[in-house]
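The structure appears below as structure tokens.
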Amino acid sequence: MDWTKVKSAIGQIAPWLAGTLGSPVAGVAVKGLCDALGLDSANANPDTVTAAIAGATPEQLQVLHIADQKHAELMQQLGYQYASQIAQATVNDRDGARKREAAVKDKTPAVLAAIAVAGFVGLVVLVICGFAPAEAMRDGFWMLAGAAIATYKDVYGYYFGSSAGSHSKDATIADLSKPDGA
């Protein structure tokens, strides 16, 4: 799931929660967000959270700010003094995986990526050619198509990077490094 919209929506109000979305501790951030907004964290997705933020009352925004402060305390207990450290840890994790692949010269990721791209292209061809699965299979087909699109996006991001994600990360880090009131 892409939490970029949520990160930008709460970046000023809850920078610690925003900074940990997309990191290894994202689940804790999502739970904090959902608890503050009165949502069920088990069924949370970026669209429902973004909609809740857009319609949040001033009281809910205050609760969100308090949840961010509690999240900051938790992250500091885990050894993170600044939200930018969490973003850097995520970058380092991805960089470590790429370095490992280069050092080991394992073909498995490339083969899996090729299969994922072929599956995505195959589904696109089926849709363009007007393939219509039986009524009983239609929901499953579209769920599979969504998974193939998400996998393709991940493969593309891994091999070619994501300039939008990098830009968003850079902007978040720059905002977090500013002193309060600047």
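The values are calculated or read from the model by the stated rules, or taken from the named source; none is laboratory data. None of the values given here were measured: they were computed from a predicted structure. Positions of Cβ are backbone-derived with ideal geometry, glycine not excepted, and every protein chain shown enters the neighbour counts.
List the pairs whose first member sits in segment 117-136 and is assigned by TED's automatic domain parsing to the domain that holds LYS153 and over 25 Å from VAL155 (Cα atoms), whose second member is modelled with pLDDT of 80 or more and hydrophobic (A, V, I, L, M, F, W, C), and whose Cβ atoms are under 6 Å apart, counting only residues at least 6 apart or on separate chains? So the pair list comes out as PRO133/PHE141. So for segment 125-146 (the condition being at pLDDT 80 or above and surrounded by 15 or more Cβ atoms within 10 Å (Cβ to Cβ)), does at least one residue qualify? The answer is yes, given that some residue of segment 125-146 is at pLDDT 80 or above and surrounded by 15 or more Cβ atoms within 10 Å (Cβ to Cβ).
Restricting ALA103, ALA114, ALA56 to those that are modelled with pLDDT of 80 or more and either closer than 16 Å to ALA29 by Cα or crowded, with 16+ Cβ neighbours inside 10 Å (or both) reduces the list to ALA56.
Given the structure, is LEU17 surrounded by 14 or more Cβ atoms within 10 Å (Cβ to Cβ) and modelled with pLDDT of 85 or more? Considered against the rule, which asks whether it is surrounded by 14 or more Cβ atoms within 10 Å (Cβ to Cβ) and modelled with pLDDT of 85 or more, LEU17 comes out as no.
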